């Protein structure tokens, strides 16, 4: 087990800079997600940690040890590949036993090595030692695959293959567990249950885990902390709640959850309240900002839709007039596309039966707490 | 990581050097000699200043006399014309014969379809000089067909095998499978929805065939036609056995110039022309098929509606049997001759004996041995080279290597043989007449098959499988032995069988390059035919075909296992 520290890491592929001066500090036992759109450098970061890529400059430490000079096969980072990369010519048991066999191979003299090679190539040429067998069966039982040890991996379902890949990485007792979009090949329902499985196993073993994903929901629901990456930079690191409630840039506000991002001009600042001017409408916010031009971030679920004739006389609430452009029924929620002034705004409201949906073209009132208007 | 890359770079340089030395330099030498009219020792020029200066002298004397000769020497011009018209006629006939056959297999429920398909593979297992020889047994002056023809009241031979007609017929009946399977694929492009659309729009069945099914198959037809043209143009086995003295064909002419008259310039110029023609048609086929990757583009399985019209399917079936009957009878004729005491001008031999096989096993066992040893040598060499070549092409995207290893596909065997002789018959690398040069020649000539086979297997192994092994603690070497190797094995095995078969069947290289003490079966059979020792030629041919059949069966078995 160990922490992972990355200092000033840069990676270039020819002219293209994939990573700019990355700094990361991942605690021992932490579940850490690298989140970002494709091409943002998250996979490159992971491949540098695993040793498949050499950083152009910078340092990587795994458990206090610098790893630049350690080749990929001796880094002891268990990796779960996006495609699982299970060995198609081996059954479940042999896939999981592979790293243990290799460990034994590396510790043996050349004569014994020949025997191990022979055993790896054909089962008839030798038996797997007891201790390896026991370890493999134990981990297979842990991921509930002990019944399938003799199956070929191609005969398993997607979720089962995923668990084989996980077991294969875990059996080597890695210092860090690396997971590259491990859930992207599963269907929606399975993804939910695998999320819980992975999180439970991670907590159970207390293993430092780095998880690469482009799915913000996945990152938010599983990770202790998330690093959001964009164009080879780390834009923000924080717990899921920090990222959601305090996005540092419009990019994060948009990428983590859905946001209304509105260009505003600061009109005046009185007693901790800022008056803002948008495109033909006015807003107030209790958040602070030092700029003249800013962006106001409002989450769709923080806006309330009220009939036009409602009187709202609460302090610290923005009341805006809007027109419904479109309403979409999504089951538990209704999403409205609204026009406020010359600005289009998305609003999510919870739907419960009995409440009528505002039809298109209807004039409504929108209320937003002053505190919910974030400024960047 | 770095160290492994350096090791591989050395291997890469070695492969380039191998191809440079044994393929590019010989081709360059032939090209130069076609101008100088005298041998140019390229390799010697690098090692010996005296040779270098003489080479320079020769290069100074470069002239176009040889090329003028093409037009002044009636023999050369005739041979080019004859070879082109042979290839053209064979091409047209093969396509005409194959269209109904391919349509029958692809789109109808004709009776005995499976049997017919199986019989269509017979021509592929028989080397062409044996098929040519079988035609002599059938249609020759003392052939059983001739006898049959006379019984029916005919006069003389039905067809003279020693003629252009004879050569055309042999090539048509033994090359048609090369066009058949691409044509079958072409007829499968048009799927049921397209044809139903046509019917729905009011067209009749025949109208749909002419305006929908057939036009969709045209690219496939053209591509097969060009393939047949190249195969026929490059074929050495048939003309060398059947071409009469007064019929000039390029391959035969080139062979005579080099092995009969030692006319370096003449052989060189014929070789250059042969390569240019073959390469041109190969290129033409390549650009026509490129970008028209029809058939397998969509992942949606296509549904075929099979024609069940009884009159049509039955007549197609009868027709197909008539086509495959010819190669089948040819094979049976050779088989019969090999067990005949004597077979004069009669329908059947006068008696049966196994004495020819006895003779072979007592006197010619060496030839069988040679064939096997040479084939194994070529096999081992091509496996090693092919594994690395496919690694470089697949993993490092080395287009240059891909291109270089496909060059042998366009060089006719006889041309390659001449190029090698002209390059390696003098010091410092005097290899002509050694088994080594023979093995190298086989290897280079058949490497494209091996490379294709291993490359397919290599492509199927995703990079992350290799990375997974390394991530789990394996060194690159261990990963290669325990993961990459086993996954590559089926591809290697399939390619190996193919190389082995083609080397055993190989005619032109063997005849040109094999020294007497290393004579393989094909050369022995060829010499027997020349000496009119037909019975032992037949017996040896049967052994050769049997060997090929066994290996082919093995290949099919491996292929089936691989798919499971």
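The values are calculated or read from the model by the stated rules, or taken from the named source; none is laboratory data. Note that the structure is a prediction, hence the values are computed from the model and not measured. Backbone-built Cβ (ideal geometry, glycine too); neighbour counts: all protein chains shown.
So here's what we get for this one:
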| quantity | calculated |
| --- | --- |
| Residue satisfying condition, being at pLDDT below 95 and surrounded by 20 or more Cβ atoms within 10 Å (Cβ to Cβ), within set A:14, A:36 | A:36 |
| Failed item in (1) touching a helix residue (DSSP H, G or I) at 6+ places or on another chain (Cβ under 7 Å); (2) at pLDDT 90 or above; (3) over 19 Å from residue B:468 (Cα atoms); (4) not in a loop (DSSP other than H, G, I, E, B), with residue A:140 passing the rest | (3) |
| Qualifying positions in region B:28-61 - under 21 Å from residue B:405 (Cβ atoms) and surrounded by fewer than 20 Cβ atoms within 10 Å (Cβ to Cβ) | B:28, B:31 |
| Conditions (1) assigned to a loop (DSSP other than H, G, I, E, B); (2) modelled with pLDDT under 90: number failed by residue A:172 | (2) |
| Close pairs from region B:144-160: first touching a residue at least 60 places away in the same chain (Cβ under 8 Å), partner in a helix (DSSP H, G or I) and surrounded by 14 or more Cβ atoms within 10 Å (Cβ to Cβ), Cβ under 9 Å, at least 6 apart | B:144/B:137; B:144/B:138; B:144/B:333; B:144/B:336; B:146/B:138; B:146/B:139 |
| Helices (runs of 4 or more DSSP H) (entirely within region B:346-432) containing at least 1 residues that are more than 30 Å from residue B:332 (Cβ to Cβ) | B:365-395, B:399-406, B:413-424 |
| Pick from region B:38-49, criterion in contact (Cβ under 8 Å) with a residue 60 or more places away in the chain and not in a helix (DSSP H, G or I), ranking: farthest from residue B:425 (Cα to Cα) | B:48 |
| Selection count, region B:243-280, where residues are free of Cβ contacts under 8 Å to residues at least 24 places away in the same chain and buried (at least 22 other Cβ atoms within 10 Å of the Cβ) | 1 |
| Matching entry among A:124, A:163 (being assigned to a helix (DSSP H, G or I), within 25 Å of residue A:175 (Cα to Cα) and more than 10 Å from chain B (Cβ to nearest Cβ)) | A:163 |
| Selection from region A:88-115 of residues that are buried (at least 20 other Cβ atoms within 10 Å of the Cβ), within 31 Å of the chain's Cα centre (by Cα) and facing chain B (nearest Cβ under 8 Å) | A:98, A:99 |
| Selection status of residue B:88, farther than 21 Å from residue B:314 by Cβ, surrounded by fewer than 16 Cβ atoms within 10 Å (Cβ to Cβ) and touching a residue at least 40 places away in the same chain (Cβ under 8 Å) | yes |
| Wholly enclosed strands (runs of 3 or more DSSP E) of region A:332-376 bearing at least 3 residues over 28 Å from the mean Cα position of the chain (by Cα) | A:333-340, A:363-369 |
| Filtered residue count, region B:454-482, keeping only those that are under 36 Å from the mean Cα position of the chain (by Cα), facing another protein chain (nearest Cβ under 7 Å) and outside any helix (DSSP H, G or I) | 1 |
| Qualifying residue in region A:16-32 (condition: free of Cβ contacts under 8 Å to residues at least 40 places away in the same chain, at negative phi and within 11 Å of chain B (Cβ to nearest Cβ)) | no |
| Selected residue [assigned to a helix (DSSP H, G or I) and within 29 Å of residue B:235 (Cα to Cα)] from B:52, B:88, B:59 | B:88 |
| Failed item in (1) out of contact with any strand residue (DSSP E or B) (no Cβ under 7 Å at 6 or more places or on another chain); (2) surrounded by 13 or more Cβ atoms within 10 Å (Cβ to Cβ), with residue A:330 passing the rest | (2) |
| Residue within region A:162-178 that is free of Cβ contacts under 8 Å to residues at least 40 places away in the same chain, touching a helix residue (DSSP H, G or I) at 6+ places or on another chain (Cβ under 7 Å) and surrounded by 15 or more Cβ atoms within 10 Å (Cβ to Cβ) present | no |
| Helices (runs of 4 or more DSSP H) fully within region B:161-229 counting 3 or more residues that are crowded, with 21+ Cβ neighbours inside 10 Å | B:164-187 |
| Residue B:491 touching a residue at least 24 places away in the same chain (Cβ under 8 Å), more than 30 Å from residue B:83 (Cα to Cα) and buried (at least 23 other Cβ atoms within 10 Å of the Cβ) | yes |
| Residue within region A:209-218 that is assigned to a strand (DSSP E or B), within 14 Å of chain B (Cβ to nearest Cβ) and farther than 16 Å from residue A:91 by Cα present | yes |
| Residue B:490 away from chain A (no Cβ under 14 Å), touching a helix residue (DSSP H, G or I) at 6+ places or on another chain (Cβ under 7 Å) and more than 24 Å from residue A:103 (Cβ to Cβ) | no |
| Failed item, numbered, when residue A:82 is tested on (1) within 14 Å of chain B (Cβ to nearest Cβ); (2) in contact with a strand residue (DSSP E or B) (Cβ under 6 Å, 6 or more places away or on another chain); (3) farther than 30 Å from residue A:157 by Cβ | (3) |
| Test result for residue A:49, at pLDDT 90 or above, over 30 Å from residue B:491 (Cβ atoms) and away from chain B (no Cβ under 12 Å) | no |
| Selection within region A:144-158 - modelled with pLDDT of 90 or more, assigned to a helix (DSSP H, G or I) and crowded, with 18+ Cβ neighbours inside 10 Å | A:148 |
| Matching entry among A:130, A:65 (being more than 14 Å from every other protein chain (Cβ to nearest Cβ), at pLDDT 90 or above and either under 30 Å from residue A:195 (Cα atoms) or surrounded by fewer than 17 Cβ atoms within 10 Å (Cβ to Cβ) (or both)) | A:130 |
| Residue count for region A:252-290, restricted to those that are farther than 16 Å from residue A:373 by Cβ and buried (at least 18 other Cβ atoms within 10 Å of the Cβ) | 3 |
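Let's see how each residue does on (1) farther than 29 Å from residue B:237 by Cβ; (2) in the same structural domain as residue B:271 (by TED's automatic domain parsing):
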| residue | (1), (2) |
| --- | --- |
| B:69 | no, no |
| B:76 | no, no |
| B:110 | yes, yes |
| B:115 | no, yes |
| B:125 | no, yes |
| B:133 | no, yes |
| B:143 | no, yes |
